[in-house]
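Before any comments, here is the structure.
Read-outs: derived from the displayed coordinates by stated rules, not from any lab. As the structure is a computational prediction, the values presented were derived from the model and not from experiment. Virtual Cβ from ideal backbone geometry, glycine too; neighbours counted across all protein chains shown.
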Amino acid sequence: MNGITLTILILAGLVLAFILYKLFKPYFLKYDTTLAITGGLGSGKTLTAVKTGVILLRKQRFWKYKVYNFFHVKIRNAFVRSINKHRNKYNLKMRQKYEDSKATIKLKQKKILPLNAKRKKPMLYSNIPIHFKTKLFSSKREWNKTLTAPHILLLKEIEEYSVVIIDEMPQFINQFNWNVELIQKNVNEFITFFRHYIGGYMITTSQSIDDVVVQIRRKLNQCTWCYDFKKHFFGLFYTIRMCDIMLGDQVSTVSTSFIEDNTKLHFGLFPPKRTYDSRCYSGRYANVYEKVKKEPRWKNLKTNKVLRLQQYESPLDDVRTEEEKREQWNKGAKTWVN
């Protein structure tokens, strides 16, 4: 194979790689400093959040931890120590000359350069347990750190350049508890200055973007709506349809034509088994007060019973006697009848 043929093959390979990159780029999940993933039950939002969080953590550990500590700490500090060694000798020499002849020699010391401190390893924080592989082709696994309320309230430190996953965020930060001063001020500061304080990535999930309190929703860079989650080939890989939604002060209804034009098909392999449990909270249901027992069954297609959570009596509810009907009438319905 001569040089011209090899050059043509290399150029053809680069062109093919560029074309494939352009073709498949829309089908991969884009990420920013903050990412909101929404979708109904079983839409694959937690799966997407976990996979994306692990990928971003590996990226952070490589660039912000290993590469930085090697080039900016180990190599740079070696040069700085060598320079400081020569500068120390120069400073001692100048001081000696200054002491010997203060009238003719002016003391000029060279500044000693500071050493860079070694960075801590970025960690994965989440309010759900995740047992992930530290490297893509490695059997070594690691548990994530537990994300607690003090972390979000700025009362407990998170390692720099870490990745934070908040699953079902509206369950503990919503419009009902936003009026609490501690939550309103500290959580707002945590979201506002997340990039300045931590410099990592934050991924949140919720079943609806409307459930996210508006003060937080304004600060999220992007929102990805997931739907039509499907498993293929006995659960070997999956597909999810995703639609990127721009966030603002108000969330408007998205039209069907917009969804069709902006939907991308995201596909991927399932993470290794035991990475996370999509039903991690199922054990809580064991604490239900009344256990399963023989329940009454329906015996007719007609019924007068309406399921309610509050004690409310309707004029159409079943009553046993005429006295109960009269008592219900006297409670207030009579005043509205001429």
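Looking at this model, which pairs from K74/K145; K59/K156; K293/K325 are more than 30 angstrom apart at the alpha-carbon? Correct reply: K293/K325. Of interest is the spacing of the C-alpha centroids, which for region 277-326 and region 26-102 amounts to 59 Å.
Shown here for region 53-141: chymotrypsin sites (Phe, Trp or Tyr not before Pro) in loop regions (DSSP other than H, G, I, E, B) with at most 11 other Cβ atoms within 10 Å, namely F137.
3J(HN,Hα) along region 289-298, derived from phi through the Karplus expression 6.51 cos²θ - 1.76 cosθ + 1.60 where θ = phi - 60°, amounts to 5, 9, 7, 5, 8, 5, 9, x, 10, 6 Hz, with x in place of Gly and Pro. Taking the chain, how much of its Cα-Cα pair set, in percent, is spaced more than 34 angstrom apart? So the portion of pairs separated by more than 34 Å is 53 percent. Counting other Cβ atoms within 10 Å, keep those with at most 16, restrict to DSSP loop, and tell me which chymotrypsin sites (Phe, Trp or Tyr not before Pro) in region 147-190 are left. Answer by residue number: F172, F176, W178.
Less than 5 angstrom separates the built amide H of G268 from those of Y238, all sequence-distant by 5 or more or on a different chain.
Couplings for region 189-198, taken from phi via the Karplus curve 6.51 cos²θ - 1.76 cosθ + 1.60 with θ = phi - 60°, read 5, 4, 6, 5, 10, 4, 5, 6, 7, 10 Hz in order; Gly and Pro are left as x. Of all lysines in the structure, the ones whose alpha carbon falls short of 17 Å from that of K108, not counting any fewer than 8 places away in one chain, are K85, K89, K93, K97.
Set Lys and Arg Cβ to +1 and Asp and Glu Cβ to -1, take the dipole of the chain about its Cα centre, and tell me which of G40, G53, M169 lies farthest positive. The residue sitting farthest along the positive end of the dipole is G53. Charges only on Cβ, +1 for Lys and Arg, -1 for Asp and Glu: so what's the dipole of region 259-326 about the Cα centre, in debye to the nearest 20? With Lys and Arg at +1 and Asp and Glu at -1, about 540 debye.
Charges were assigned to the Cβ only: +1 to each Lys and Arg, -1 to each Asp and Glu. The resulting dipole of the chain about its Cα centre is roughly 2920 debye. Per residue of the chain, the DSSP helices (runs of n ≥ 4 H) give a summed -39500 (n - 2.57) that works out to -8500 deg cm²/dmol at 222 nm. Using the Cβ-Cβ distance between L41 and W298 with R0 = 22 Å, the FRET efficiency computed as 1/(1 + (r/R0)^6) comes to roughly 0.30. What the Cβ-Cβ distance of K140 and A12 gives, at R0 = 30 Å and to the nearest 0.05, is a FRET efficiency of 0.15.
Using the Cβ-Cβ distance between D210 and N116 with R0 set to 41 Å, the FRET efficiency works out to roughly 0.35. The simple spin-label model puts a point 7 Å past each Cα toward its Cβ; for K85 and T148 those points are separated by 4.6 nm. Ordering M123, I216, Q310 by Cα displacement along the dipole of the chain toward the positive end leaves M123 in first place; charges were set at the Cβ atoms of Lys, Arg (+1) and Asp, Glu (-1). Remark: the R76-S314 segment gains 77.8 nm on full extension, using 0.36 nm per residue and subtracting the alpha carbon distance. Here region 55-206 is assigned +1 on the Cβ of each Lys and Arg and -1 on the Cβ of each Asp and Glu. Its dipole about the Cα centre then comes out at about 1780 debye. When you filter the trypsin sites (Lys or Arg not before Pro) in region 264-309 for DSSP loop state and at most 11 other Cβ atoms inside 10 Å of their Cβ, you are left with K273, R274, R279, K291, K293, K294, R297, K299, K302, K305, R308.
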